[in-house]
Amino acid sequence: MKLAQLLLAGMVLGSIYGLIAMGFAIIYKATKIVHFAHGAMLPLGAYLVYTFAVRWEQPWGVALVGAAAICAALNVLMQRIFARRMLGRPLFAAIMITFGFEILLRAGMNLIWKGKERPIGDPWGADTVTLAGGVTTPVASLWILGAAAVCMAAVFAFFRWSSLGVQMLGTASDQEAALMSGVPIQRTFAVAWAIAGVLAVVAGVAASLFPRTLGPELVMLGMRAFPAAILGGLDSVVGAVVGGMAIGIVEVMVAGYLSESAIFGANFSAVSGYIIMIIVLMVRPYGLFGRKEVARV
Amino acid sequence: MSETPNARRLHITGLGLQFAGLRALDDVGFTVEPGELRALIGPNGAGKSSLLNCLSGVYRPSAGTISYGDTVLNGMQPHRIAGLGIARVFQNVELFDKLSVRQNVLLGRHLAMRTGVLAGMAWYGRAAREEREQREKVLHYLEYCGLADIAETTVENLSYGVKKRVEYARALAMEPTLMLLDEPVAGMNESESVEMADLVRSMHQDLGISIVVVEHDMRFVMSLAERVAVLDFGRLIADDVPQTVINDPAVRRAYLGEHAA
Amino acid sequence: MLDVPEARTRAGAGQHLRPARLLGPALLVVLLLAFPFIASSFWLTVAVFCAIAASGALSLNLLVGYAGQVSVGHAFFLGVGAYVGAYGGQHGWSFPVIVLAAVGLPALVGLLVGPVALRLRELYLAITTLGLVYVGQWIVVAFDGVTGGVSGTPTTDLDVFGFDLGTSAYALGLPMTRDVRYYFAALALAALIGFAIYNLSRSRPGRAMMAVRDRQVAASVAGVDVTRYKLAAFTVSSGMAGATGLLYGSYLGYLVPESFSLELSITYLAMIIIGGFGSVLGSVLGAVLITALPQVLSYLAEYSTFLATDNRADHVAVLLYGTALVLFLLFEPEGLAGIWRRAARRVTRRGSEQPEGSTR
Amino acid sequence: GGAAIETGSNGEVPGVTDDTITIGILPDLTGPVAAIGEPLARGAQAYVDHLNENGGIDGRQVELVVKDTQFNPQRAVQEYRKIEDDVLGIVTTVGEGITAAVVPEMDKDNVFSWPGTYSQSYLESEHPPISTPYIYEALGGIDYMVSDLDAAGKTLSNFNLESGINEDYSRAVEIGAEVYGVEAGSSIAKPSTETDYTGAVQTLSGGDPDFMLVGTAPAQAASFIGTGYSQGLRVPTMISSVGYSPTVLATKTGSVLKEVAYVTSPWAAWNSDEQGQQELVEAFGPDEEPDVQIQVGWVMAKGLTDLIAMAAEEGDLTREGIKDALSTATLDFGGIAPSVDFTREDGVYGTTKETRIYKVTDNGLELVKDLFVAEAADEVDAP
Amino acid sequence: MKTPAPEGTAALDVRGACARYQNADVLHGIDLTVEPGRVTALLGANGAGKTTFLRCVLGLMPVHRGEMTSGSVTVLGREVTRASAQRRIKAGLAIVPEGRRLFADLSIEQNLRIGASTRRDKEIGQDIEQLLERFPALQRPKIQAGYLSGGEQQMLAIGRALMARPKVLLLDEPSLGLAPLVVDSVFETIASLAQDGIGVLLVEQNAERALQASSHAVVLQAGKVVRSGASAELADDPVIQESYLGVAS
Ligand SMILES: Nc1ncnc2c1ncn2[C@@H]1O[C@H](COP(=O)(O)OP(=O)(O)OP(=O)(O)O)[C@@H](O)[C@H]1O
Ligand SMILES: Nc1ncnc2c1ncn2[C@@H]1O[C@H](COP(=O)(O)OP(=O)(O)OP(=O)(O)O)[C@@H](O)[C@H]1O
Ligand SMILES: CC(C)C[C@H](N)C(=O)O
Ligand SMILES: [Mg+2]
Ligand SMILES: [Mg+2]
């Protein structure tokens, strides 16, 4: 029973990681950039939902769509700010710029929401259900699993059925060559970053549902999802999902079985994800599903 | 140029190389005598670059042996093979983009130098002395390749033809006994390839270096090579003097078409 | 991914040392020597942190800028040096022993991490090294008997062969307070590390590192033992970071796990990106800018009085800092070193009518 | 060697002029615990304003300089240095690590401040906690469970933040087991960055506890209790004063807290009619969101300025004078927090051991037991 | 030395193109016209500015921190001087770039698919099939392009450009690194494309082949047009013979 309970919790956490990691993956796919401000988008999205749904008393769905739209737009804006100037320039500067955005987002949120715990106004509240086998869980957790599945399917379908997916890959691999092939690279970027913005809101809200709370700690979740993104392979959407699940389950299992261990201490679950990641990378340097970078002479 | 290199015999037997179901090289064998200028031709994708990659240790052959003199190269790491006096010039320019021309060529002297990390940091004794000596030495190669004027320029912004010359200077600076050249005149116009042919010929004749050159420009091949090996689909289909090779019907069918120089 | 502005080693071009050329550096040295005696105690503290940051930035730049291995784990190596120093200090080790341990242990860890770096590229490596930061914080908590755990541990002042950095007493007729002493110690360390890296970059091993950075296969075919130089870069950089951490921890006086968080790693990356990859001067300028900028900005924010209410000025200072970072990277991707180089070129051109090196 | 360098030039006292006294405070305003630092700084500022309206100290107005540490130890030391020359004392620092980093610096300059933690180990330092140390709070909670919730002989587990508070809470459970005969269950500590509490809940549930003691920060307490609730761990739970925030009540977890949670706290309820609290509420107006950190800031500012006033009365308006005043002082906070007799003996400051017990209800906290001292409080060995 | 007045609209018409990079002016007023169904060769030594000219045609100078300072570009009668690269390609341009510029990490098939980025029709899959058949070297459509041999990569680059179904094809040294037999087939392909009415601009180091394959030619030197006219005439020009055809005078 404990095992089943932990497994379920691991899957829920894994779904949240997976949603975050998908955001990283899509942006990486299109721009070869790790968007370090992605983590800050999580509380931003959730706080926006709070403001719309709780403060301004709008229907929850409306709040969600509103927050998603704002975060998507913000992401596109950020991308626009450096895209043009960064063409043909070191990528690392662009990545550093996302750190700059992270500072700005955090400062802005601190100014507006003052880092307080806030309700997110969701319809499920603290209700719980008992599933087969005596496993009990908040209803909200089941919705997280569902939402994650829907997002994954949607993103997957998008890449499967639209030509934008392959164009993103091309753009990331060589922007000028993509331009020469007629890829509308600005639109490609915009779509990728917008999707990531929407995913950030979904993930941020999921991470604020009962029994978790919306608070500034949510920023950290972005960093915690890194091993998931890497484990799956930085540019793979499927990998993000698999990696997220794997890391989520491992972390919860470690916390469940090793919390009292004298050797590992209670903190070990926080590093267990990284350790799994390193082990996998030693065998597969590009993660489970990552595209190998070609280096031939 | 100062010391005469002692070229050794390069001997390849039964060489095989596979990539996920593709036989890039299949039972290839031939010998390059010391001081020989050998051309290697064949259709695109025949395995020429792959063969060079096996010789320089970048690829690991799945079968066969490569020996240089008495040393078996199979399984050796690229830098060890370089240590035996085997230098390589790539098909696409492979320079250290952010370094100056001089630094690129100095890197060719890497194996001739001894300074380690700690000594380098201290810049004491040998480190400084060695660096000064080698700069002198490198100047010679820069002049040889006509690069002395632009020694301090970052290679990144050079045009294609000049970059190729930097590659030659770097390879020469290794004072190799065997040079592997992959398509030296691709992308050059007629007069430039004549210049390049002169450079290769002089390296061969003045310095006594053995050379294996891959090239699609048949005029270049015919004017230079002493022997020509022909690969097709990873197999050796001919290995003889140029005149014989270009009249070989198999070679004409696979490679030359109606173009025979 | 890394883009290094251009080759910086220029020796052999036969530069003549003319008196006019020495004037600038001489002034700088005088200024640096006089600074602690004219600055306020606060700005002196900032200066000490700047100088320490310079050492840290230099060592990171060796790894990232010269050897091309992106690391977000710098805070970890700084932390190892600092904690080793704290432990040694508490157990009465002598200065040479402390230094040896604080440099040696991080270097050893760097050597052990190296093999991971051999297999991974760019961002995969970066994020793996990010794991080091978390592992480090876990170690501090899990082995709290040695490290003091979450509540931290005090460090001791270093006694550099009889020159106790902790005392405040006149020396050479000058008021050498603890801050002044640490200031000079930090300057000395930065100068030492900067000199070592500069030397490295103009000699065989440094060149080999840069070659591996630009084109690994070509470097190996030219005779460079790639494994060896990657490991060397990791080891040396980590050792230098350890020395920096030792001084940093000792000056701080107290270590808590938060002192070596991811934020610190990122701050150091910001320094070398803003300073300029693969540039000694850039590392130093970047370190000074990133350390001093927030302080300057808080002053600016504080003196704009309408902000002074409700603690808004602090938020504005942070917003300004983020904005400055973004704008700088947008408009000056070659970093401070690039600006410096351009300025210097302009000066020399005016001075000696040297034509700009033409390509063809 | 050489002559020592004298500090504090020409006999002037830092932070004191003819008409003003300057004090400082080092909260986190823009970093990860800004949610604590910001209201704390506002509370302190409000008290200083209140004091100035009533004539200040000894005819001097008090000025409070606020410096943001960003929860970064290096930055905190720098910010401290920035104001060190200009302040007479410092109200407090926010964050256990920050406090640990800055306190040694302050000791070098003989500067007084209240520590940003209630660990009783600080009683030995020059910086005693201003209010009830964690351990007495926890013991108060256990006392109440035994006397009013019939906990004797039942299992008590605890869940804490991985920090100094963990040691104090765990120790309290040990003492509780000895004195009250409760069964000590499992104990787990987690860092504030934990992303899922199922593991902790499952581990604790394994010991089948009847009561829980939670010594951690608000968001973490809420998530932990919520997770436990959803997995059937629904037992009376005592949350520490630092673990409860009224903002949590508005979240979904609030409904769970209402079912199971009590709060141990020395602090008065926001709507209490204690005179000090009335003044505070008046200063902030009725629209202010209740926040214990505002009370803390207010009380700490009051504590420091009271000491300064005492020093002034003694004619020793110096940093030294503040410390001298403290070692014999009894400070009263108008009922917002218990008054404290700090009298120092054997190098250990006196402290208060009182706490209140609240039950979480729809309207926030409802007082169920006013200030009292746990029976077992005497069993706590001197730090 | 005169170009006959074009019948109808030119496939590509560039007037007075001047261009500069950050530190240097590279093109000084280039006029060049490509007629539909004809091959125009652009010759010149290394560094003459051929690639730069193609960048101007495609609007890619900003990528190299340069700009086209004056002049106009017209594709099939539509002026595109200010348009984005994507619009120009939609207007009918396609390029086989210098150095191939394949997406090394992507498969052959994905490379071809990206070549069709501006198309919306349903025949993309079909075209891919056809190309894979046409170039036997591309037999393994799932392999990552970076692993292909130099010549195979060149073929893929040509295939990718054709995927755009261009009206005007720009080729920057298409025969680079190709085996003689394949070079023949590339020139055959070029001829057949021209026959289909496509205008081709061919930049080529092999001046002899280029002049054979083209009807018109333009010779650049240091960013200026020094010769232009019918290819047959240019092939007989002694100056051209000496400097580009390797014929000693
Ligand atoms: N690392 C690799 N992985 C997979 N396939 C490879 C790899 N390297 C080479 N190949 C394949 O092996 C075959 C031979 O390639 P190679 O580069 O040796 O040809 P080549 O003879 O040099 O051709 P070209 O004249 O076009 O340069 C090609 O089909 C190529 O796609
Ligand atoms: N990105 C750039 N930045 C600065 N200068 C450049 C850049 N690209 C090219 N140049 C310079 O512009 C001039 C023309 O170069 P271009 O590449 O157009 O010549 P090309 O005729 O295509 O030569 P090749 O036959 O070698 O390809 C050269 O002097 C070159 O050095
Ligand atoms: C296309 C590849 C075969 C080129 C190879 N990297 C070289 O320069 O030799
Ligand atoms: Mg090849
Ligand atoms: Mg060109």
### Task
Leaving out ligands and nucleic acids, note down the accessible area per residue over the stretch E:106-163 with a 1.4 angstrom probe, in whole Å².
39 Å²
## Note on the structure
Simple spin-label estimate for C:Leu32/D:Asp332, 7 Å along Cα→Cβ, in nm, reads 6.1 nm
## Note on the structure
In debye to the nearest 20, the charge dipole size for chain E, taken about the Cα centre with +1 at each Lys and Arg Cβ and -1 at each Asp and Glu Cβ, equals 1020 debye
### Task
Partner chain Cβ atoms within 10 Å, averaged over the residues of B:119-128 - can you pull that number for me?
6
### Message
Taking R0 as 41 Å, what FRET efficiency do you get between E:Arg15 and A:Arg80 from their Cβ-Cβ distance, rounded to the nearest 0.05?
### Response
0.80
## Note on the structure
Probe 1.4 Å, protein heavy atoms only: D and A together bury a total accessible area in Å², to the nearest 100, of 3200 Å²
### Query
To the nearest 0.05, how large is the calculated FRET efficiency for D:Leu149 and D:Asn271 if R₀ is 25 Å and r is the Cβ-Cβ distance?
0.50
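Among residues other than D:Asp85 whose Cβ falls under 11 Å from its Cβ, what is the net charge (Lys/Arg +1, Asp/Glu -1)?
On the way: positive: D:Arg81, D:Lys82; negative: D:Glu12, D:Glu84, D:Asp86, D:Asp109.
Value of the local net charge: -2.
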#### Entry: Stretch gain in nm, segment E:Thr81-E:Arg65, where the contour uses 0.36 nm per residue and the Cα spacing is subtracted
4.0 nm
### Residue among A:Leu105, A:Phe210, A:Gln175 farthest towards the positive dipole end of the stretch A:16-216, charges placed on Cβ
A:Gln175
### Task
Distance between Cα centroids, the stretch D:159-200 to the stretch E:112-157: provide it in whole Å.
64 Å
### Task
Taking H placed 1.01 Å from N in the peptide plane, check which residues at least 5 places from C:Met176 or on another chain put their amide H under 5 Å from its amide H.
C:Ala169, C:Tyr170, C:Ala171
### Query
Which FRET efficiency, nearest 0.05, do C:Ser94 and A:Ile263 yield, Cβ-Cβ r, R0 25 Å?
0.15
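In percent, how large is the relative contact order of chain B, given Cα pairs closer than 8 Å and 6 or more residues apart?
Values: 469 pairs, mean separation 74.0, N = 261.
Across chain B, relative contact order equals 28 percent.
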#### Entry: Only Lys, Arg (+1) and Asp, Glu (-1) charged, at Cβ; chain D dipole about Cα centre in debye
1220 debye
### Task
Using only Cα atoms, locate the centre of the stretch C:250-299 and the centre of the stretch E:22-79, then give the distance between them in Å, rounded to an integer.
46 Å
### Task
Pick out which of B:Arg114, B:Arg60, B:Arg227 has the largest mean-square fluctuation in a Gaussian network model of chain B, springs linking Cα atoms closer than 10 Å.
B:Arg114
### Message
Suppose we compare each residue of the stretch C:245-260 in its chain alone and in the full protein complex with a 1.4 Å probe; which ones drop by at least 50 Å² of accessible area?
### Response
C:Leu252, C:Tyr254, C:Glu258
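Considering the convex hull of the alpha carbon atoms of the protein assembly as shown, report its projected area averaged over all viewing directions, in nm², one decimal. Walk me through the intermediate numbers first.
Details: hull surface 236.3 nm².
Directional mean of the projected Cα hull area for the protein assembly as shown stands at 59.1 nm².
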### Query
Along its principal axes, what span do the Cα atoms of chain E show, with the longest given first and each in whole Å?
47, 42, 39
### Task
Name the residue, out of B:Lys48, B:Lys164, B:Lys98, whose mean-square fluctuation peaks in a Gaussian network model built on chain B with Cα pairs under 10 Å.
B:Lys98
### Task
Would you compute, from DSSP H runs of 4+ residues alone, the mean residue ellipticity of chain D at 222 nm, taking -39500 (n - 2.57) per run and dividing by the full residue count, rounded to the nearest 500?
-13000 deg cm²/dmol
### Query
Short version: which residues of the stretch A:126-166 lose at least 50 Å² of accessible area, all chains versus chain alone, 1.4 Å probe?
A:Val166
#### Entry: Most positive-pole-ward Cα, C:Thr227, D:Ser170, E:Gln86, against dipole of the protein assembly as shown from beta carbon charges
E:Gln86
### Using alpha-carbon coordinates, inclination of helix A:164-173 to the longest axis of chain A, degrees
70 degrees
### Summary
Yeah, the stretch B:62-169 with a ≥ b ≥ c from its alpha-carbon gyration tensor (a/c under 1.5 is rounded, else prolate when a/b outruns b/c, oblate otherwise) is oblate
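Add -39500 (n - 2.57) for each DSSP H run of 4 or more in chain B, then divide by its residues: what number comes out at 222 nm, to the nearest 500 deg cm²/dmol?
Mean residue ellipticity, 222 nm, calculated: -10500 deg cm²/dmol.
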### Query
Looking at the stretch B:56-78, which residues lose a minimum of 30 Å² of accessible area between their chain alone and all protein chains in place, measuring with a 1.4 Å probe and not counting ligands or nucleic acids?
B:Val58, B:Tyr59, B:Pro78
### Task
Please sort E:179-191, A:121-133, A:188-200 by packing, taking for each peptide the average over its residues of neighbouring beta carbons within 10 angstrom, highest first.
A:188-200, E:179-191, A:121-133
### Label-point separation in nm, D:Ala177 to B:Asp149, each point 7 Å along Cα→Cβ
8.8 nm
### Query
Can you pull the mean other chain C-beta count within 10 Å for peptide C:115-124?
5
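Send over the Kirkwood Rh of the stretch B:178-242, from the inverse of the averaged 1/r over different Cα pairs, rounded to one decimal Å. The partial results should precede the final answer.
Numbers: mean 1/r = 0.0803 Å⁻¹.
One decimal place: 12.5 Å for the Kirkwood radius.
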#### Entry: Distance in nm between pseudo-label sites at B:Glu33 and A:Ala154 (7 Å out along the Cβ direction from Cα)
7.4 nm
### Message
Taking each residue in B:183-195, count the Cβ atoms of any other chain within 10 Å of its Cβ, then average. What number comes out?
### Response
5
### Message
Am I reading the B/E interface right? What is its buried accessible area, both sides, 1.4 Å probe, to the nearest 100 Å²?
### Response
1800 Å²
#### Entry: Area hidden from solvent between A and E (accessible, protein heavy atoms only, 1.4 Å, total, Å²)
2500 Å²
### Query
So what's the back-of-envelope 222 nm ellipticity for chain C, counting only DSSP H runs of four-plus at -39500 (n - 2.57) apiece and dividing by all residues, rounded to 500?
-23500 deg cm²/dmol
### Task
Work out the charge dipole of the stretch B:87-175 with +1 on the Cβ of Lys and Arg and -1 on the Cβ of Asp and Glu about the Cα centre, then indicate which of B:Tyr160, B:Ala122, B:Ala171 is farthest towards its positive end.
B:Ala122
### Query
Roughly how many Å² is the accessible area per residue of chain D, as a whole number, for a 1.4 Å probe?
33 Å²
### Query
Using alpha carbon centroids, what distance separates the stretch C:226-244 and the stretch C:74-126, in Å?
10 Å
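Beta carbons within 10 angstrom, averaged per residue: use that to sort the peptides B:118-127, C:147-156, E:75-84, highest first.
Working: B:118-127: 18.9, C:147-156: 21.4, E:75-84: 16.3.
So the peptides B:118-127, C:147-156, E:75-84, ranked by packing, come out C:147-156, B:118-127, E:75-84.
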### Task
Report in % the part of the accessible area of the protein assembly as shown that belongs to carbon and sulfur, leaving out ligands and nucleic acids; probe 1.4 Å.
56 percent
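When a/c is below 1.5 the answer is rounded, else prolate if a/b is larger than b/c, else oblate, so apply that to the stretch C:113-193 with a ≥ b ≥ c taken from the square roots of the Cα gyration tensor eigenvalues. Provide the component values of the computation, followed by the final result.
Numbers: a/c = 3.94, a/b = 1.81, b/c = 2.17.
In terms of gyration-tensor shape, oblate.
Classify chain A: rounded, prolate or oblate, from the alpha-carbon gyration tensor (a ≥ b ≥ c, eigenvalue square roots; a/c under 1.5 rounded; otherwise prolate if a/b is larger than b/c)? Before the final figure, lay out the partial values.
Working: a/c = 1.76, a/b = 1.27, b/c = 1.39.
Because a/c hits 1.5 or more and a/b fails to exceed b/c, chain A counts as oblate.
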### Task
Once you've got the GNM for chain A with C-alpha springs shorter than 10 Å, pick whichever of A:Leu142, A:Leu234, A:Leu214 has the biggest mean-square fluctuation.
A:Leu142
### Task
Would you mind checking the tilt of helix E:124-134 against the longest principal axis of the Cα atoms of chain E, expressed as 0 to 90 degrees and rounded to 10?
80 degrees
### Message
Suppose every Lys and Arg Cβ carries +1 and every Asp and Glu Cβ carries -1, with no other charges. What dipole size does the protein assembly as shown come out with about its Cα centre, to the nearest 20 debye?
### Response
7440 debye
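For chain E, calculate the relative contact order in percent as a whole number, restricting contacts to Cα pairs under 8 Å that are 6 or more residues apart. Walk me through the numbers on the way to the answer.
Details: 498 pairs, mean separation 68.3, N = 249.
The normalised contact order for chain E reaches 27 percent.
Based on the mean of other beta carbon atoms within 10 Å per residue, what is the order of D:326-335, C:182-191, most packed first?
On the way: D:326-335: 17.5, C:182-191: 21.1.
Order by mean packing, descending: C:182-191, D:326-335.
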### Task
Considering Cα pairs under 8 angstrom that are at least six residues apart, work out the relative contact order of chain D and quote it in whole percent.
18 percent
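The values are calculated or read from the model by the stated rules, or taken from the named source; none is laboratory data. On a predicted model such as this, the values are computed, not experimentally measured, just so you know. Counting neighbours? That spans all protein chains shown, and the Cβs are built from the backbone with ideal geometry, glycine included. Calculation scope for accessible area: heavy atoms of the full protein, side chains included, ligands and nucleic acids excluded. Shrake-Rupley method; radii C 1.70, N 1.55, O 1.52, S 1.80 Å.
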